[in-house]
Amino acid sequence: MKKQTLIFAACCALSSHALFAAVDLRIDNATILNPIDKHQVNIISNHWLTIQDGKIIQVSDSSQKPDAAQVIDAHGQYLIPGLTDSHVHLKTMPGLLNTSPRARQMQTAFLKRQGANYLYYGVTQVIDPSNTATGMTEFTANGPAPDAYFCGAMPVYQGYNAEGLSYSKLHQHKPYFAAQHSDPAHELTPSQAHAHQGAQPLTRMKSDGATCAKLYFEDGFGENSAIPLINQETAKQLVESANSLKLPVMAHANAVDMQQLAVDANINVMAHGLWNWLAPNTAPSESELPTNVKAVLDTIIEKDIAYQATLNVMNALAKVTDNTFTFSSEYRTVLPPSQIAWYQSEPGRWFSREMGQGWGEISNQQKVAKLEQVFSQGQRALHYLYKNGATLLLGSDTPPAPTYVSQPGLSTYQELTMMDQAGVDLISLLSAATINNAKAFAIDNQYGSIAAGKVANLLLLNSNPLQSVAAYNDIEYVILHGSAIERATFHIDALEKSE
């Protein structure tokens, strides 16, 4: 009997140890803000959270807490999912001038710090809408970096994002381009040509690990319309084929006529805000939208097309055009002094000078005012969508052009602040940066909310993001795959010292 009792006791001890074995990290006393959908955030108090092997293990209020290799007492702090910026471009330093003697050196330094720049501003996932699996590997190989995903870009011959490329070069540089009937297919081998027919590029990108596809609806900037477009029936067929492969389709479009084509093709994600109305506001009053703009936005709402406002685009273009622009202190969190000095030099201001051309006889102040007007149209479109229940996504389009104003991480935070200024409430803002992006790109089984089994990419904030957008710039820890890293580690000063 005594032997049986000892065996039973030993079994109970082993069972208890297995249930409450030591974990890698336990976070106590944080207020957990857990996004549920685009309108709801669950606020959880008096709970603890455990992490093991880079995954969230448990969220509980039990009095029995497992031992942990590291314990963070987060009393008075706020735990949220790491942010996803679903529109970034990871290949090239903003504003790089290839003819500069220091171009290669600057590009190398940029690629090395880029991932840390995003992490400093709480971005733990990024999606590049025009890249490859190889590009993602190169991005993450440069040092600490967010988890990176890509979309397969599908330009058409001589279309936007493929202008000036011969057909053979198009095959070489745009591996997922979409073939059309008028293409010079004879310039490729039969197998090469077949690789771009119908759903073939979609099947290949899916196999390569793409999380989405991207189509282009862009016939020219402003009122220009000389760039060839994808055939509308081809676009619809590609969207249908992509969705059957569980690939959401993003659409590059920012003018009202181009966004109309995109929504008619049944795309899933609008990759830009609707800021180009093609004509002065013809609405009865400044508080109303032009009829054609409102019609497109209403269709976006009706079809539940996820929407990236990308306010950063016009903001960055206005600021780089403004000859009074100066680098604020925030830029010094991501840029070393030597890089700022180059941007302020004559060679570094090449794109600023280019933006100042072609306006006619108007002042610099008037040029900036025109760009700011276009920016305000984007804000108004965003506000209308928000007020009417659209699905909003955080996507900064960093960098949208070779403009030094748009920098990794910082532009994501600025996008959040501009969405806030456009009237998006703070619950919707948190959802746009987390659960909405995860659902839109079908990665919500890993990211977007705080739940057992999901990747432990989290942020511990010192202030409440449901009270102020400034909380996203008040980060204590960035938790990446379960490793709690002090935010200051990713500041440019710390990065420079570690070299």
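The values are calculated or read from the model by the stated rules, or taken from the named source; none is laboratory data. Everything numeric here is computed off the predicted structure, so don't read it as measured data. Positions of Cβ are backbone-derived with ideal geometry, glycine not excepted, and every protein chain shown enters the neighbour counts. Note: areas computed on protein heavy atoms with side chains; ligands, DNA, RNA excluded. Shrake-Rupley method; radii C 1.70, N 1.55, O 1.52, S 1.80 Å.
Before moving on, here are some points about what is shown:
- For the stretch 183-204, the criterion of a residue being open to solvent by 70 Å² or more (accessible area, probe 1.4 Å), charged (D, E, K, R), in contact with a Ser or Thr (Cβ under 8 Å, 6 or more places away or on another chain) and farther than 27 Å from Phe441 by Cβ is satisfied by at least one position.
- Checking Asn457 against (1) at pLDDT 95 or above; (2) open to solvent by 50 Å² or more (accessible area, probe 1.4 Å), the condition it does not meet: (2)
- Scanning the stretch 373-424 for residues that are farther than 30 Å from Phe110 by Cα, touching a Gly at 6+ places or on another chain (Cβ under 7 Å) and surrounded by fewer than 23 Cβ atoms within 10 Å (Cβ to Cβ) yields a total of 2.
- The single condition among (1) of a type outside the set (Val, Ile, Thr); (2) in contact (Cβ under 8 Å) with a residue 40 or more places away in the chain; (3) out of contact with any Leu (no Cβ under 6 Å at 6 or more places or on another chain) that Ala422 does not meet is (3).
- Residue match in the stretch 439-446 (condition: under 19 Å from the mean Cα position of the chain (by Cα) and on the phi > 0 side of the Ramachandran plot): yes
- Residue tally, condition among the polar types (S, T, N, Q) and open to solvent by 10 Å² or more (accessible area, probe 1.4 Å), over the stretch 65-90: 2
- Scanning the stretch 57-116 for residues that are of a type in the set (Ser, Thr, Tyr) and within 24 Å of Gln446 (Cα to Cα) gives Ser60, Tyr78, Thr84, Ser86.
- Of the residues examined, Gly395 is not one that is in contact (Cβ under 8 Å) with a residue 24 or more places away in the chain, among the small types (Gly, Ala, Ser) and farther than 21 Å from Asn473 by Cβ.
- Any chance Tyr118 is aromatic (Phe, Trp, Tyr) and assigned to a helix (DSSP H, G or I): yes
- Every test in (1) in contact with a helix residue (DSSP H, G or I) (Cβ under 8 Å, 6 or more places away or on another chain); (2) not in a loop (DSSP other than H, G, I, E, B) is passed by Leu466 save one, and that test is (2).
- Taking the stretch 27-43 as the range and being surrounded by fewer than 16 Cβ atoms within 10 Å (Cβ to Cβ) and within 27 Å of the chain's Cα centre (by Cα) as the test, the residues that pass are Ile36, Asp37, His39, Gln40, Asn42, Ile43.
- Residues being under 25 Å from Ala309 (Cα atoms) and in contact with a Phe, Trp or Tyr (Cβ under 7 Å, 6 or more places away or on another chain) are represented in the stretch 262-273 by at least one member.
So that you can scan it fast, the table gives a plain yes or no per residue for (1) within 19 Å of Asn131 (Cα to Cα); (2) acidic (Asp, Glu):
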| residue | (1), (2) |
| --- | --- |
| Glu187 | no, yes |
| Pro190 | no, no |
| Ile230 | no, no |
| Val269 | yes, no |
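- Note on the stretch 326-372: among residues that are of a type in the set (Asp, Glu) and surrounded by 12 or more Cβ atoms within 10 Å (Cβ to Cβ), the one that is farthest from Tyr120 (Cα to Cα) is Glu354.
Okay, residues lined up against (1) over 30 Å from Asn445 (Cβ atoms); (2) in contact with a helix residue (DSSP H, G or I) (Cβ under 7 Å, 6 or more places away or on another chain):
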position	(1), (2)
Gly358	yes, no
Gly389	no, yes
Val405	yes, yes
Leu416	no, yes
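- Being surrounded by fewer than 16 Cβ atoms within 10 Å (Cβ to Cβ), out of contact with any Phe, Trp or Tyr (no Cβ under 7 Å at 6 or more places or on another chain), at pLDDT 95 or above and among the charged types (D, E, K, R) is a property that Lys112 has.
- The set of residues in the stretch 251-262 that are among the hydrophobic types (A, V, I, L, M, F, W, C) and over 21 Å from the mean Cα position of the chain (by Cα) comprises Val256, Met258, Leu261.
- Scan of the stretch 221-250 for residues that are within 30 Å of Gly358 (Cβ to Cβ), within 24 Å of the chain's Cα centre (by Cα) and open to solvent by less than 30 Å² (accessible area, probe 1.4 Å), ordered by number: Met250
- Scoring Ser287 on the criteria (1) of a type in the set (Ser, Thr, Tyr); (2) open to solvent by 30 Å² or more (accessible area, probe 1.4 Å); (3) farther than 26 Å from Met418 by Cα leaves a single failure, condition (3).
- When Met93, Met106, Met154 are screened for being crowded, with 22+ Cβ neighbours inside 10 Å and either farther than 23 Å from Ala210 by Cα or in contact with a Leu (Cβ under 8 Å, 6 or more places away or on another chain) (or both), only Met154 passes.
- Among (1) of a type in the set (Ser, Thr, Tyr); (2) open to solvent by 10 Å² or more (accessible area, probe 1.4 Å); (3) touching a residue at least 40 places away in the same chain (Cβ under 8 Å) - the single one Tyr121 does not satisfy: (2)
- Test result for Gly143, open to solvent by less than 10 Å² (accessible area, probe 1.4 Å), under 30 Å from Asn161 (Cβ atoms) and either in contact (Cβ under 8 Å) with a residue 24 or more places away in the chain or among the aliphatic types (A, V, I, L, M) (or both): no
- Restricting attention to the stretch 313-351, the residues being touching a Phe, Trp or Tyr at 6+ places or on another chain (Cβ under 8 Å) and without any contact (Cβ under 8 Å) to a residue 40 or more places away in the chain number 4.
- Within the stretch 93-109, the set of residues being β-branched (Val, Ile, Thr) and modelled with pLDDT of 95 or more comprises Thr108 only.
- Of Ala179, Ala133, all but one fail to be modelled with pLDDT of 95 or more, crowded, with 18+ Cβ neighbours inside 10 Å and over 27 Å from Phe351 (Cβ atoms); the exception is Ala179.
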